[in-house]
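*Asks:* Structure provided below as structure tokens; questions to follow.
The values are calculated or read from the model by the stated rules, or taken from the named source; none is laboratory data. Worth saying up front: this structure is predicted, and the values here are computed from it rather than measured. Heads up, the Cβs are rebuilt from the backbone with ideal geometry, glycines too, and the neighbour counts pull from every protein chain shown. Heavy atoms of the whole protein, side chains included, go into the accessibility calculation; ligands, DNA and RNA do not. Shrake-Rupley method; radii C 1.70, N 1.55, O 1.52, S 1.80 Å.
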Amino acid sequence: MTKTAVVTAGTGGIGLETALGLAAAGFAVTVVGRDSERGARAVERINATDPAHPGRFLPADLASLDQVRALADRIAAHHAASGESLAVLVNNVGAMFPERRTLDGVEASFVVNHLSPYLLTELLLPTLTAGAPSRVVNVTSGAVGVARRTFDAVEPPGGYYGFHWYGRAKLANLAYTLDLATRLNGTGVSVFAADPGGAATVMTDGTLTDPKIVSPALRLLWPLVRRKFERSTSGPASVAAKPSIIAATDSALTDRTGVVIGPQMRPIAPFRAATDHRLAEAVRRLSQAHAPTTAKEGT
Ligand SMILES: NC(=O)c1ccc[n+]([C@@H]2O[C@H](COP(=O)([O-])OP(=O)(O)OC[C@H]3O[C@@H](n4cnc5c(N)ncnc54)[C@H](OP(=O)(O)O)[C@@H]3O)[C@@H](O)[C@H]2O)c1
């Protein structure tokens with residue numbers, strides 16, 4: 001029976017390396033991205049890694065929740081028609097914005113780093129459950145440590161600092177990941193977070209050079225902060241992909257759920273704030289309001 005895996009933002013950076021790792025482990029891999037040429041190149045590399053299980057590219061801009069819904073429909077329909085089980089969903093998409101932006105009225109880093117993977121996962125739960133045992137892997141970040149921890153609204157009051165807003169959206173997603181693991185206990189769907197540490201990718205090269213992404217206090221220390229960013233994001237994406245690959249494939253994780261795989265490729269204690277039930281509840285309310293999966297949630 002073919003095991004299939006979907007990797008979002010899987011046509012470049014850490015996502016492509018994750019896709020190649022899953023192909024090497026014998027999965028038929030579908031990668032999601034915006035650019036069809038990059039998609040075609042990713043499929044070529046997947047096919048060169050594992051000719052027995054052809055790769056597939058699905059185009060979607062995961063910054064658009066409408067496109068996330070259409071993508072989920074397409075994936076669910078494919079699995080319903082083919083009878084193949086969806087064994088792994090890696091929610092790898094992530095983005096950091098130097099300037100405040102909104103997408104359909106909602107702050108962009110919250111959309112891309114949390115609402116989008118949240119919605120895709122929720123919409124694919126019937127497919128993942130039908131294909132159980134299956135795994136969801138949500139890609140997290142050490143930036144959760146600089147996050148404001150209130151989730152009464154999409155954004156906290158005050159100025160906009162892209163790195164901190166990114167970390168806050170990743171914290172929301174990590175709290176959701178741990179909450180979902182509890183919710184799905186006993187269904188055969190395991191839920192993991194994977195922290196890649198850092199890598200030189202489009203995301204880090206493009207934004208971590210701009211002092212505007214950090215708060216005024218950190219900006220005063222910018223030469224030091226920048227050096228720290230440079231050091232922590234200098235490695236190859238192939239190494240940063242390993243925590244996701246382990247979370248998706250390691251047999252030692254069979255029957256486990258709610259585990260965070262750290263940059264050293266071992267389970268680590270989850271960032272404490274993400275285990276707070278009140279925080280998870282606030283994130284759930286925000287997610288249901290801004291990315292409803294049913295007509296009732298959107299009201
Ligand atoms: N790099 C790091 O140091 C680091 C550290 C901690 C955590 N992370 C996390 O690791 C994950 C991967 O990061 P990365 O550095 O590899 O990112 P990246 O360089 O931006 O990844 C590039 C990939 O993302 C796709 N992508 C970007 N925006 C997209 C969108 N709106 N819709 C669909 N696809 C989109 C690109 O597709 P197109 O080419 O089609 O645009 C490409 O496949 C993210 O969740 C990130 O937050 C990264």
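*Asks:* Which of the residues belonging to segment 62-83 are of a type outside the set (Gly, Ala, Ser), within 16 Å of the ligand (Cβ to nearest atom) and surrounded by fewer than 16 Cβ atoms within 10 Å (Cβ to Cβ)?
*Replies:* Correct list: Asp66, Arg74.
*Asks:* If I ask for residues that are more than 13 Å from the ligand (Cβ to nearest atom), in a helix (DSSP H, G or I) and in contact with a strand residue (DSSP E or B) (Cβ under 8 Å, 6 or more places away or on another chain), which ones from segment 91-125 would you list?
*Replies:* Thr121, Leu124, Leu125
*Asks:* Looking at Val146 and the list (1) at pLDDT 95 or above; (2) open to solvent by 30 Å² or more (accessible area, probe 1.4 Å), which single condition is not satisfied?
*Replies:* All conditions are met except number (1).
*Asks:* Being assigned to a helix (DSSP H, G or I) and over 30 Å from Leu125 (Cα atoms) narrows it down to one residue among Ala175, Ala169, Ala217; which is it?
*Replies:* Sole residue among the options that is assigned to a helix (DSSP H, G or I) and over 30 Å from Leu125 (Cα atoms): Ala217.
*Asks:* Moving on to the next point. Pairs needed: first member in segment 237-251, more than 16 Å from Met203 (Cα to Cα) and touching a residue at least 12 places away in the same chain (Cβ under 8 Å); second member anywhere, open to solvent by 50 Å² or more (accessible area, probe 1.4 Å) and in a helix (DSSP H, G or I); C-beta distance under 6 Å; at least 6 residues apart or different chains.
*Replies:* Between residues of segment 237-251 that are more than 16 Å from Met203 (Cα to Cα) and touching a residue at least 12 places away in the same chain (Cβ under 8 Å) and residues that are open to solvent by 50 Å² or more (accessible area, probe 1.4 Å) and in a helix (DSSP H, G or I), there is no close pair.
*Asks:* Give the number of residues within segment 33-49 that are in contact (Cβ under 8 Å) with a residue 24 or more places away in the chain, open to solvent by 80 Å² or more (accessible area, probe 1.4 Å) and part of a helix (DSSP H, G or I).
*Replies:* Looking only at that region, the number is 3.
*Asks:* Given the conditions (1) in contact with a Ser or Thr (Cβ under 7 Å, 6 or more places away or on another chain); (2) open to solvent by 10 Å² or more (accessible area, probe 1.4 Å); (3) within 15 Å of the ligand (Cβ to nearest atom); (4) not polar (S, T, N, Q), which single one is not true for Pro236?
*Replies:* Failed condition: (1).
*Asks:* Moving on to the next point. Between residues in segment 108-123 that are free of Cβ contacts under 8 Å to residues at least 60 places away in the same chain and under 21 Å from Arg135 (Cα atoms) and residues that are of a type in the set (Lys, Arg) and surrounded by fewer than 22 Cβ atoms within 10 Å (Cβ to Cβ), which pairs lie under 9 Å by C-beta distance while being six or more apart or on different chains?
*Replies:* none
*Asks:* Hey, could you check segment 84-143 for residues that are open to solvent by 30 Å² or more (accessible area, probe 1.4 Å) and more than 20 Å from Ala72 (Cα to Cα) and say which is nearest to the chain's Cα centre (by Cα)?
*Replies:* The qualifying residue nearest to the chain's Cα centre (by Cα) is Gly142.
*Asks:* Determine whether Ala52 is away from the ligand (no atom under 16 Å from the Cβ) and not in a helix (DSSP H, G or I).
*Replies:* On the way: away from the ligand (no atom under 16 Å from the Cβ): yes; not in a helix (DSSP H, G or I): yes.
It is true that Ala52 is away from the ligand (no atom under 16 Å from the Cβ) and not in a helix (DSSP H, G or I).
*Asks:* With Ala181, Ala199, Ala193 as the choices, which residue is part of a helix (DSSP H, G or I) and open to solvent by less than 10 Å² (accessible area, probe 1.4 Å)?
*Replies:* Exactly one of Ala181, Ala199, Ala193 is part of a helix (DSSP H, G or I) and open to solvent by less than 10 Å² (accessible area, probe 1.4 Å), namely Ala181.
*Asks:* Can I ask one more? Please find, within segment 190-206, the residue that is farthest from Ala247 (Cα to Cα) out of those that are near the ligand (Cβ under 7 Å from one of its atoms) and polar (S, T, N, Q).
*Replies:* That would be Thr204.
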